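Below is one structure, written out as C-alpha cells, with a few remarks after it.
The values are calculated or read from the model by the stated rules, or taken from the named source; none is laboratory data. The model shown is predicted, which means the values in this text are computed figures rather than measured ones. Cβ sites come from the backbone with ideal geometry, for glycine too, and all protein chains shown count toward neighbours. Only protein heavy atoms, including side chains, enter the accessible area calculation; ligands, DNA and RNA are left aside. Shrake-Rupley method; radii C 1.70, N 1.55, O 1.52, S 1.80 Å.
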Amino acid sequence: MESVPSLSKTLIEWYDRHRRDLPWRNTTDPYRIWVAEVMLQQTRVAAVIPYYRRFIEKFPAVEVLAAASEVELLSAWSGLGYYSRARSLLAAAREVTSAGRFPASFEALRTLPGIGEYTAAAIASIALGLPHAVLDGNVARVMARLTGEDGDIRSATVRRRLREAAQHRLDRRRPGDFNQAVMELGATLCLPRDPRCRVCPIREQCAAYGSGRQGELPVKSARPAVERIARTVYVIRRRQRLLLWQRPEDSSRLAGFWELPEAAQAPSAHRREKLGSFRHTIVNQNYRFEVWRADVGKAPQGCRWVPLAAVNALPLSTTARKALRLPAAPGGT
Ligand code: SF4
C-alpha cells in the first residue's frame, strides 16, 4: 500500500545516498541547469558530460552566451545534434539578457523560445525550488510501474495521467531533488528491460512489482518501421585544404552547417579510395554512410576549399564530423 509522504521521503533519502556526481548537480544556477537539461533531452548522460563542461567553460553565464554569434554557438554544440534546440537556447539567452533577469516562474519560463513543459518544470523545480513535477521517459516508466498503468505510454491521455501521478507524489519541500530522484531511479534501477527491483527502495509501494508485472509495464505501441538509407560522402583534399559546402540559411535541416560533399554537390568527383563507413540514426531513419577519398578538377559551384586547420572551428554537421574522425580521414586519429 502506497503512502505518498513516505514514498517521497524514501526516494529522496535513496537519492541523497546514491546519486551520481554529475557536473550540473553541484549548482542551482538556472542557466547551467537549463543548458544541461537541453543537452540531456537528446543524448546519454555519459556523452553529455564533456560537451557540457566545454560549453560552460566557453559560455559560463547567460550573458556570455547571449553575446555569442550563431557560428560560435553551433561550433560548441557541433556533434550533439538537434541544432534547432541550440538556436532556441541562444534566442532565449538573448531574451533573458535583454530582460535583465531570469524568469522566476514556470509560466514565465514557458514563454522563452524552445522551453517546453519538461524543461520549464526541471528549471523551476531544481533551480527555483518550485513545485512542478517533470515527466521525461524515465519518470514516465517509473510512474507507469509504480501505479500499474497499463495504457499505451505513447498516448497523450496516459502521459497526462502519469504527469498527474508524478505531481501528486512531488515532495513540496524538495521538488528538484524529488524530480531528480525519480529520474535517477529510472536511469539506474527501474531500467526499461530487467528492472533491478530487488534493490529498489520503493518496491514495497510498486504496483507492478507487487503483481509481478514489472517486465510487462509500461505498455508501448510499436514505432513506425525504420527506413534504411545509403549515402556516400567525399573527402576531397587539396594542399592542406578540404572541400566543404554550407547548407543555406533557409534549409529545413541544419541551416548554416557545413557538410562534406556528396554526388549532388560534386557530380564530377572521382572516387579514389574507400576510407570507411559508419551508421547514423535520426528518429526512424537509419543511414549508412560510405566515406570515399575523391578528387575533383575545380571546386564545384557552392563548394569551398577550407584550410584543414580551420575546419574544427566551423559548425560541422555530426555526420561530417563522424566521417572526418575515421582513422584514414584528415581529422582521423
Ligand atoms: S520495484 Fe522495480 S518496477 Fe517498481 S519502481 Fe522499483 S525498479 Fe521499478
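Tabulated data
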quantity	calculated
Some residue of region 25-38 being out of contact with any helix residue (DSSP H, G or I) (no Cβ under 9 Å at 6 or more places or on another chain), of a type outside the set (D, E) and within 24 Å of K322 (Cβ to Cβ)	no
Hits in region 36-77 - residues which are among the hydroxyl-bearing types (S, T, Y) and either without any contact (Cβ under 8 Å) to a residue 60 or more places away in the chain or open to solvent by less than 10 Å² (accessible area, probe 1.4 Å) (or both)	T43, Y51, Y52, S69
So A121, is it surrounded by 15 or more Cβ atoms within 10 Å (Cβ to Cβ), in contact with a helix residue (DSSP H, G or I) (Cβ under 9 Å, 6 or more places away or on another chain) and part of a helix (DSSP H, G or I)	yes
Failed condition for C200, given (1) of a type outside the set (D, E, K, R); (2) near the ligand (Cβ under 10 Å from one of its atoms); (3) surrounded by fewer than 17 Cβ atoms within 10 Å (Cβ to Cβ)	(3)
Given (1) at pLDDT 95 or above; (2) farther than 17 Å from W24 by Cα, number of the condition A61 does not satisfy	(2)
Single unsatisfied condition, A187 versus (1) more than 8 Å from the ligand (Cβ to nearest atom); (2) open to solvent by less than 30 Å² (accessible area, probe 1.4 Å); (3) among the aliphatic types (A, V, I, L, M)	(2)
Residue selected from region 220-254 under the condition under 29 Å from R154 (Cβ atoms) and of a type in the set (G, A, S), by the criterion nearest to the chain's Cα centre (by Cα)	S252
Looking only at region 215-247, and only at residues there that are open to solvent by 40 Å² or more (accessible area, probe 1.4 Å) and within 16 Å of the ligand (Cβ to nearest atom), the one that is nearest to L260 (Cα to Cα)	K220
Subset of region 130-150 that is open to solvent by 40 Å² or more (accessible area, probe 1.4 Å) and assigned to a loop (DSSP other than H, G, I, E, B) - its residue that is modelled with the lowest pLDDT	D150
